[in-house]
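Chemist: Take a look at the following structure, please.
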Amino acid sequence: MSLNFSRRHFLLSAAGAALLAGCDAGTVAAPQAKSRKLAGQFATMTEALLAEFPENATFRGVDVGPRAALKHRLTERSDEALARRTAAARERLGELRVLDRTRLPVEDLPAYDMAVEAHDQAVSGAGFGYGDVNVLSAGNSFVTTPYAATQLSGNFVSVPDFLDTLHKTDDEEGAEAYLDRTEAYAAGLDQETARLKADADKGVIAPDFVLASMVTQLETALARPVADWGLVGSLVRRTGAARVAGDWQGRITTLATDRVAPAMQRQLDQLKALQPRATADAGVWKLPRGDEYYAWCLRAGTSTARTAEEIHQVGLEEVRRIDSRMDALLKAQGLTQGTAGERVSAMGKDPQFLFANDDQGRAELIAYLNGLIGAIRPRMKELFRTLPKADMQIRRVPPEIEAGAPRGSATDGSIDGTRPAIYNINLMSTEGWPRFSLPTLCYHEGIPGHVWQGAFANKMPLIRSLLQFNAYSEGWALYSEQLADEIGMYRDDPWGQIGYLSDQMLRACRLVVDTGLHAKRWTREQSTAFLLRYTGQEVNGLQSETDRYCAMPGQACGYMMGRLEINRLRDKAQKAMGERYDIRDFNDAMVLGGPVPLNVLEAVTDRLIAG
């Protein structure tokens with residue numbers, strides 16, 4: 001999964017390589033469209049999206065100069081702000097559609113189609129009148145949720161970590177902007193609280209188990225002294241290290257005490273008030289126009305028009321295929337009794353694969369991850385012609401949010417290269433991360449997955465980094481796991497290869513379970529049992545997986561649907577190109593041509609084939 005704020009536009013390897021060689025933070029801000037009208041619309045769209053979602057300006061490192069005011073703001077979370085953004089998106093969509101697509105230069109078509117699809121998704125999703133429609137915000141585009149806040153989304157989950165990891169405080173302006181954003185954080189919490197109440201009056205209330213997770217998160221945070229909050233400590237620590245003069249400790253403590261903590265308490269009180277009205281019904285079928293809403297979620301999550309039933313059947317077919325391969329590998333290691341999932345589950349409890357569940361064990365685990373990244377990085381020349389630097393840091397998810405946070409995620413580095421990418425791992429318990437499960441996580445989140453692809457994305461026109469497509473991003477990361485297998489990263493590690501297949505199985509199961517929950521009215525218990533039967537992964541982690549699908553319907557389907565489409569396009573290119581085909585050219589085309597909807601990705605492949 002990606003907290004990824006990103007990815008971009010270029011079709012041929014030569015053009016992309018030239019762009020990678022020649023762009024910096026100053027040059028990428030202007031769209032590289034040949035059509036002057038389209039270029040003008042992209043320029044206007046870029047500034048509009050940055051103003052609507054200011055965090056993305058900070059993420060991209062472009063909150064400087066004329067955009068410096070953006071570093072003082074956060075995305076507004078009120079119903080009124082959502083309505084304004086929807087109206088603006090509808091207007092931009094209309095302006096795009098006025099252009100005659102048939103008269104645009106062919107190299108502009110992927111960018112044009114991408115912008116139209118993103119805006120159409122946003123306008124369509126807003127029509128349901130509840131939840132968050134984030135498809136136009138690069139940082140949260142994968143968050144398609146019917147609820148104003150969940151255990152995975154909303155200000156409490158995202159803002160403190162964003163301020164700590166992405167917001168710069170190495171001068172007085174940055175520190176003042178941190179305080180302004182802390183004010184906005186408190187206001188955003190109250191805006192979400194008002195929406196939680198208003199949506200509940202429409203019949204939109206999260207499942208009781210999702211509310212319970214949120215209550216636990218907020219109660220845990222409020223039980224800690226404000227002085228111990230990461231929100232407070234981050235500003236104090238970093239301004240001290242940079243020797244920025246000012247009473248930052250006093251000011252941030254006052255803000256946290258007087259503004260943030262009461263807003264958190266008000267949200268907690270609202271969540272508790274909703275609990276008696278909540279049910280255990282897990283799927284969005286229970287919501288107003290629930291079946292239509294889920295169809296929209298699948299469109300946003302997979303960038304296809306596939307139905308829930310079609311996706312469910314694809315998942316079942318993949319489960320059968322992967323289960324057969326897992327069975328053979330497990331038998332080769334002498335594990336013959338029980339289902340493949342049961343055998344993997346037994347492996348996960350074997351002490352030889354476990355790190356100690358303490359701070360020393362966590363440090364050893366992160367050191368192991370860094371070793372895995374170091375081992376695969378030099379192998380990239382076998383898979384790509386273009387080799388970006390792709391600096392990255394591996395870090396633990398902050399303990400205060402790990403109870404509801406995803407198991408792993410990645411955040412791209414800044415455009416100017418001053419901030420490396422971040423690969424996050426949830427270490428609430430090391431028992432959920434047996435050693436054989438970690439290589440695949442590295443290849444997915446790090447190299448050649450999200451971090452690697454994000455390094456290409458950083459050198460593309462800025463508008464391309466502000467529009468994101470879940471199936472492309474997650475499909476690429478899943479395909480990256482496959483690439484690692486294909487170049488032999490598991491040749492001397494059969495246990496790691498079993499872990500890789502277990503993760504592939506999880507992604508196949510997601511197609512079955514997500515559609516099961518939301519279209520076939522499965523219960524939370526049915527979902528967790530299905531995941532446990534086939535993946536054998538740790539039960540508490542799998543229950544969190546189910547809760548994730550309930551909070552963000554459709555998003556989890558993007559992984560396997562994206563990977564299957566990339567493989568289909570690879571087969572198409574190999575067959576059409578014959579002796580001209582080279583895996584490095586295909587992989588370059590995929591990263592230099594995305595992020596785009598999957599149907600646009602085929603046009604990128606066709607251009608590669610045409611040469």
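The values are calculated or read from the model by the stated rules, or taken from the named source; none is laboratory data. Keep in mind that this is a model prediction, so the values were computed, not measured. Neighbour counts are summed over all protein chains in view; Cβ atoms, including those assigned to glycine, are modelled from backbone coordinates with ideal geometry.
Chemist: Filter the range 208-248 for residues that are among the hydrophobic types (A, V, I, L, M, F, W, C) and free of Cβ contacts under 8 Å to residues at least 24 places away in the same chain; which is surrounded by the fewest Cβ atoms within 10 Å (Cβ to Cβ)?
Modeler: Among them, the one singled out is ALA223.
Chemist: OK, next. Give the residue, chosen from LEU152, LEU163, LEU189, that is at pLDDT below 95 and among the hydrophobic types (A, V, I, L, M, F, W, C).
Modeler: Result: LEU152 is the single residue among LEU152, LEU163, LEU189 that is at pLDDT below 95 and among the hydrophobic types (A, V, I, L, M, F, W, C).
Chemist: Run down GLU400, GLU382, GLU364 and say which single residue is of a type outside the set (Lys, Arg) and at pLDDT below 80.
Modeler: Checking each option against the conditions leaves just GLU400.
Chemist: Just checking, how many residues over the range 566-604 are under 24 Å from ASN458 (Cβ atoms), in a helix (DSSP H, G or I) and either touching a residue at least 60 places away in the same chain (Cβ under 8 Å) or basic (Lys, Arg) (or both)?
Modeler: 16
Chemist: Looking for something more than 24 Å from the chain's Cα centre (by Cα), under 21 Å from VAL64 (Cα atoms) and assigned to a helix (DSSP H, G or I) - is there at least one such residue anywhere in the range 165-173?
Modeler: Checked against the condition, which is being more than 24 Å from the chain's Cα centre (by Cα), under 21 Å from VAL64 (Cα atoms) and assigned to a helix (DSSP H, G or I), the range 165-173 yields at least one hit.
Chemist: While we're looking at this one, here's another question. Answer yes if at least one residue in the range 525-540 is modelled with pLDDT of 95 or more, more than 21 Å from ARG306 (Cα to Cα) and of a type in the set (Lys, Arg), and no otherwise.
Modeler: no
Chemist: Take GLY417 and tell me if it is part of a loop (DSSP other than H, G, I, E, B) and at pLDDT below 95.
Modeler: yes
Chemist: Hey, can you tell me all the residues within the range 307-345 that are over 29 Å from ASP291 (Cα atoms) and outside any helix (DSSP H, G or I)?
Modeler: Answer for the range 307-345, where residues must be over 29 Å from ASP291 (Cα atoms) and outside any helix (DSSP H, G or I): GLN333, GLY334, LEU335, THR336, GLN337, GLY338, THR339.
Chemist: Hey, another quick one. Suppose we filter the range 221-279 for residues that are of a type in the set (A, V, I, L, M) and outside any helix (DSSP H, G or I); how many remain?
Modeler: The number of residues fulfilling the criteria is 3.
Each row is one residue, and each column tells you yes or no for (1) among the β-branched types (Val, Ile, Thr); (2) part of a loop (DSSP other than H, G, I, E, B).
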{"site": "LEU427", "(1), (2)": "no, yes"}
{"site": "GLU431", "(1), (2)": "no, no"}
{"site": "THR440", "(1), (2)": "yes, no"}
{"site": "GLU445", "(1), (2)": "no, no"}
{"site": "GLY454", "(1), (2)": "no, no"}
{"site": "SER473", "(1), (2)": "no, no"}
{"site": "ALA484", "(1), (2)": "no, no"}
{"site": "ARG491", "(1), (2)": "no, yes"}
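Chemist: List pairs: first residue in the range 514-535 and under 13 Å from LEU298 (Cβ atoms), second residue β-branched (Val, Ile, Thr) and part of a helix (DSSP H, G or I) anywhere in the structure, Cβ distance under 9 angstrom, at least six positions apart or on different chains.
Modeler: Within 9 Å, the pairs are ASP514/ILE311; THR515/ILE311; LEU517/VAL284; LEU517/THR546; HIS518/VAL284; ALA519/ILE311.
Chemist: A follow-up question, please. Report yes if some residue within the range 583-595 is closer than 30 Å to ALA280 by Cα, acidic (Asp, Glu) and either in contact with a Gly (Cβ under 7 Å, 6 or more places away or on another chain) or modelled with pLDDT of 95 or more (or both); otherwise report no.
Modeler: Among the residues of the range 583-595, not one is closer than 30 Å to ALA280 by Cα, acidic (Asp, Glu) and either in contact with a Gly (Cβ under 7 Å, 6 or more places away or on another chain) or modelled with pLDDT of 95 or more (or both), which makes the answer no.
Chemist: While we're on this one: Would it be correct to say that ASN134 is buried (at least 20 other Cβ atoms within 10 Å of the Cβ), touching a Ser or Thr at 6+ places or on another chain (Cβ under 7 Å) and farther than 25 Å from GLY417 by Cα?
Modeler: Here the answer is yes, as ASN134 does meet what is asked.
Chemist: Could you tell me how many of the residues in the range 408-436 are farther than 19 Å from PHE162 by Cβ, surrounded by fewer than 24 Cβ atoms within 10 Å (Cβ to Cβ) and in contact with a helix residue (DSSP H, G or I) (Cβ under 7 Å, 6 or more places away or on another chain)?
Modeler: Residues that pass the stated criteria total 6.
Chemist: Let me ask something else about it. Between ASP161, ASP120, ASP108, ASP113, which is of a type in the set (Asp, Glu), within 17 Å of the chain's Cα centre (by Cα) and in a helix (DSSP H, G or I)?
Modeler: After applying the criteria, what remains is ASP161.
Chemist: Something else: Please tell me if ALA363 is without any contact (Cβ under 8 Å) to a residue 40 or more places away in the chain, farther than 30 Å from PRO597 by Cα and assigned to a helix (DSSP H, G or I).
Modeler: Yes; evaluated as a whole, the condition is true for this residue.
Chemist: If you don't mind, there's one more thing I want to ask. Are any of the residues in the range 468-475 surrounded by fewer than 24 Cβ atoms within 10 Å (Cβ to Cβ) and in the same structural domain as TYR549 (by TED's automatic domain parsing)?
Modeler: Checked against the condition, which is being surrounded by fewer than 24 Cβ atoms within 10 Å (Cβ to Cβ) and in the same structural domain as TYR549 (by TED's automatic domain parsing), the range 468-475 yields no hits at all.
Chemist: Now for a separate question. Select from the range 510-540 the residues that are surrounded by fewer than 22 Cβ atoms within 10 Å (Cβ to Cβ) and of a type in the set (Gly, Ala, Ser) and list them in ascending order.
Modeler: Across the range 510-540, the qualifying residue is only ALA529.
Chemist: So if I check each of ARG607, ARG507, which one is assigned to a helix (DSSP H, G or I), crowded, with 21+ Cβ neighbours inside 10 Å, of a type in the set (Lys, Arg) and in contact with a Leu (Cβ under 9 Å, 6 or more places away or on another chain)?
Modeler: Exactly one of ARG607, ARG507 is assigned to a helix (DSSP H, G or I), crowded, with 21+ Cβ neighbours inside 10 Å, of a type in the set (Lys, Arg) and in contact with a Leu (Cβ under 9 Å, 6 or more places away or on another chain), namely ARG507.
Chemist: Select from the range 58-74 the residues that are surrounded by fewer than 22 Cβ atoms within 10 Å (Cβ to Cβ), basic (Lys, Arg) and more than 16 Å from ALA175 (Cα to Cα) and list them in ascending order.
Modeler: Result: ARG67, single match.
Chemist: Kindly check whether there is at least one residue in the range 546-564 that is of a type in the set (D, E, K, R) and crowded, with 24+ Cβ neighbours inside 10 Å.
Modeler: Within the range 546-564, one or more residues are of a type in the set (D, E, K, R) and crowded, with 24+ Cβ neighbours inside 10 Å.
Chemist: Could you please find all residues in the range 366-378 being in contact (Cβ under 8 Å) with a residue 60 or more places away in the chain and not β-branched (Val, Ile, Thr)?
Modeler: TYR368, LEU369, LEU372, ALA375, ARG377
Chemist: Say we look at the range 45-100 and pick out the residues that are of a type in the set (A, V, I, L, M, F, W, C) and part of a loop (DSSP other than H, G, I, E, B); which of these is nearest to GLY454 (Cα to Cα)?
Modeler: That would be VAL62.
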